[in-house]
Amino acid sequence: MRVSQTSKLYLEWLQRGLDKPGKHGKELAAVLGVSESVVSRMRAGLRRIHAVELPKIADYIDEEIPTDRN
């Protein structure tokens, strides 16, 4: 699967956020209303992060949504 630059940016952002103390894929899955395996696939780059999920992820990991201009 070929990953776009934007997808790569979001993937790195998600990884950084979930590497923070107290942040877990299981809790993010609950916030997003998806299974933990969906978050695992996101982290592995096997599932894209959908635009509607970005604000929820940003709130959970306490970081702004990245843009290629940041």
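The values are calculated or read from the model by the stated rules, or taken from the named source; none is laboratory data. Keep in mind that what you see is a predicted model, and the values were worked out from it rather than measured. Every residue, glycine among them, receives a Cβ derived from its backbone with ideal geometry; neighbour counts consider all protein chains shown. Side chains included, ligands, DNA and RNA excluded: accessible areas come from the protein's heavy atoms. Shrake-Rupley method; radii C 1.70, N 1.55, O 1.52, S 1.80 Å.
Structure data summary
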quantity	calculated
The lone exception for residue 22 - which of (1) in contact (Cβ under 8 Å) with a residue 12 or more places away in the chain; (2) of a type in the set (Gly, Ala, Ser); (3) assigned to a loop (DSSP other than H, G, I, E, B) it fails	(1)
Hey, residue 32 open to solvent by less than 90 Å² (accessible area, probe 1.4 Å) and out of contact with any Leu (no Cβ under 9 Å at 6 or more places or on another chain) or not	yes
Residues located in region 28-45, provided they are on the phi > 0 side of the Ramachandran plot and either at pLDDT below 95 or basic (Lys, Arg) (or both)	45
Index of the failed condition, residue 56 passing every other in (1) without any contact (Cβ under 8 Å) to a residue 12 or more places away in the chain; (2) open to solvent by 80 Å² or more (accessible area, probe 1.4 Å)	(1)
